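The values are calculated or read from the model by the stated rules, or taken from the named source; none is laboratory data. Remember, predicted model here, so these are calculated numbers, not experimental data. Here the Cβ positions follow ideal geometry from the backbone for every residue, glycine too, while neighbour counts run over all protein chains shown. We work out accessible area using only protein heavy atoms, side chains counted, and drop any ligands, DNA or RNA first. Shrake-Rupley method; radii C 1.70, N 1.55, O 1.52, S 1.80 Å.
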Amino acid sequence: MTGVAQFYRDVRVAQIYEGTNGIQAIDLVTRKLPMAGGEALATFLTELRRTVAAVKRSNDPAFGATGARLDEAITSLKRASAWLVAKLDDEPEAALAGATPYLRLFGLAGGGGMLAEEALAALRLGGGANAGAAGRVALARFFAEALAVQAPALERAIVDGAESVNAADAVLAA
């Protein structure tokens with residue numbers, strides 16, 4: 001056995017996975033983002049901002065730049081969301097061109113916020129001496145400082161990339 005059959009199956013699964021991501025991204029932008037007049041997103045952003053404020057208030061050096069990096073990610077999510085909502089009615093192709101990077105941006109801001117909230121809860125429950133709390137803080141910091149820093153670039157891809165994505169689509173279809 002060479003394993004080629006397994007590689008073939010894996011590649012087929014990757015195609016399904018990528019298609020599913022695209023569907024989820026389109027659903028997020030076209031249905032969930034404008035839901036309830038944007039109130040659901042506004043509530044979520046408020047919750048994330050509360051978490052960032054709590055991280056900053058904790059003044060725990062173990063968090064490093066977690067608060068600042070998550071704040072930047074949330075700001076990018078808010079601006080990209082506003083841009084997408086503005087484009088949905090008049091230029092839906094532009095909004096759809098940014099759907100996949102928006103899904104990633106949403107995941108970075110939301111995931112970072114949830115990890116930070118979990119770290120804060122662990123600190124409240126177990127105190128700073130708790131090894132589990134220290135691990136959760138380290139994970140939240142890693143996510144914020146190594147992954148969430150991609151948020152401004154994703155925002156730029158959403159806002160500035162629509163024309164090039166749609167132009168490339170036309171060229172590739174030819």
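Can you tell which of Ala133, Ala140 is without any contact (Cβ under 8 Å) to a residue 60 or more places away in the chain, open to solvent by less than 60 Å² (accessible area, probe 1.4 Å) and in contact with a Leu (Cβ under 6 Å, 6 or more places away or on another chain)? When all the criteria are applied, what remains is Ala133. Condition test on Arg104, is it charged (D, E, K, R), open to solvent by 50 Å² or more (accessible area, probe 1.4 Å), within 17 Å of the chain's Cα centre (by Cα) and closer than 28 Å to Ala36 by Cα? Here the answer is yes, as Arg104 does meet what is asked.
Being hydroxyl-bearing (Ser, Thr, Tyr), under 20 Å from Leu139 (Cβ atoms) and in contact with a Gly (Cβ under 7 Å, 6 or more places away or on another chain) narrows it down to one residue among Thr66, Thr51; which is it?
Of the residues listed, the single one that is hydroxyl-bearing (Ser, Thr, Tyr), under 20 Å from Leu139 (Cβ atoms) and in contact with a Gly (Cβ under 7 Å, 6 or more places away or on another chain) is Thr51.
Contact list please: Cβ distance under 9 Å, first residue in the range 10-31 and under 17 Å from Leu84 (Cβ atoms) and charged (D, E, K, R), second residue at pLDDT 60 or above and open to solvent by less than 100 Å² (accessible area, probe 1.4 Å), pairs at least six apart or on different chains. Cβ pairs passing all conditions: Asp27/Ala99.
Exactly one residue out of Ala40, Ala14 is modelled with pLDDT under 65, open to solvent by less than 80 Å² (accessible area, probe 1.4 Å) and hydrophobic (A, V, I, L, M, F, W, C): that is Ala14.
Among the helices (runs of 4 or more DSSP H) confined to the range 53-169, there are none with at least 3 residues that are in contact with a Phe, Trp or Tyr (Cβ under 7 Å, 6 or more places away or on another chain) and at pLDDT below 95.
The single condition from (1) over 19 Å from the mean Cα position of the chain (by Cα); (2) open to solvent by less than 50 Å² (accessible area, probe 1.4 Å); (3) farther than 26 Å from Asn166 by Cβ that Leu125 fails is (2).
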